[in-house]
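The values are calculated or read from the model by the stated rules, or taken from the named source; none is laboratory data. A quick note: this is a predicted structure, and the numbers were derived from the prediction, not measured. Here Cβ is always computed from backbone atoms with ideal geometry, including for glycine, and neighbour counts include all displayed protein chains.
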Amino acid sequence: MKESAPAPDRHVPVPERPRRALVVEDEPHIRELVALHLRLEGLDVAEAGAGDAALRQTEAERFDLVVLDLMLPRVDGVTVCREIRRQRLNADVPILMLTARREETDKVLGLDSGADDYLTKPFGIRELLARARALLRRPRADRIGPPGLSRTPIAAGALRIDPARRQATVDGAAIDLTPHEFDVLHLLASHPGIVFTREMLLARIWTEDTHVTERSVDTLVKRLRQKIEADTRDPRLILTVWGTGYKFADV
């Protein structure tokens with residue numbers, strides 16, 4: 001009698017998808033060097049030499065890390081960063097920005113556009129890899145929110161916040177928020193009347209290995225007010241506590 005073939009093992013784990021990185025750099029030797037070392041770290045690496053090419057790739061495929069040069073042909077790095085933050089697949093992807101400029105305003109511009117960290121050229125490859133590893137260790141925003149926050153929807157006047165969908169609306173209309181903007185809004189609104197210093201916001205929303213400044217917090221709050229307040233000159237939701245930080249109105 002012919003023996004039947006053994007039943008397939010239903011408990012064999014499915015191999016994890018290889019982590020995927022995108023290196024966006026118009027200087028070929030820098031792009032190839034960064035890509036090579038990320039591959040040695042075990043990442044599957046795609047490359048782009050211009051901003052528009054990078055956007056086409058991020059619109060079509062989910063990445064676990066983007067290394068993005070600030071100065072790019074056709075579409076600059078700041079624009080690329082902002083557009084990625086609006087995409088469906090990669091809105092929460094960790095972005096490491098590379099810049100040849102040393103002025104603080106350029107670094108702040110990159111971080112305020114949605115980058116998670118930056119490196120100034122020339123940089124050491126070991127430092128780049130350390131920054132990349134730190135960003136890859138972070139949980140993605142679509143899997144976990146800031147620590148200790150409820151996923152219960154929040155209502156404050158015309159503003160509605162849905163943590164499960166990471167979406168906010170004003171008078172029923174969805175507003176476009178970057179991941180950091182949503183996290184700051186959610187954190188403040190979850191604790192109405194509680195004052196958060198700028199240092200506390202930096203510690204809760206950004207991790208210690210990024211180089212954001214208190215000025216970055218002020219800039220982000222200014223953008224938030226433009227999106228949720230009826231009159232930015234007389235804000236009623238996100239209130240300034242002079243000399244300290246910010247709080248959400250106890251409404």
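Couple of notes before you dig in:
- Residue among LEU202, LEU185 that alone is in a helix (DSSP H, G or I), buried (at least 18 other Cβ atoms within 10 Å of the Cβ), within 16 Å of the chain's Cα centre (by Cα) and at pLDDT below 85: LEU202
- Filter pass, ARG20 being surrounded by 14 or more Cβ atoms within 10 Å (Cβ to Cβ), modelled with pLDDT under 90 and closer than 19 Å to LEU135 by Cα: no
- THR120 more than 17 Å from VAL184 (Cβ to Cβ), hydroxyl-bearing (Ser, Thr, Tyr) and at pLDDT 80 or above: yes
- Filtering the range 134-153 for residues that are modelled with pLDDT of 90 or more and within 24 Å of LYS227 (Cβ to Cβ) leaves a non-empty set.
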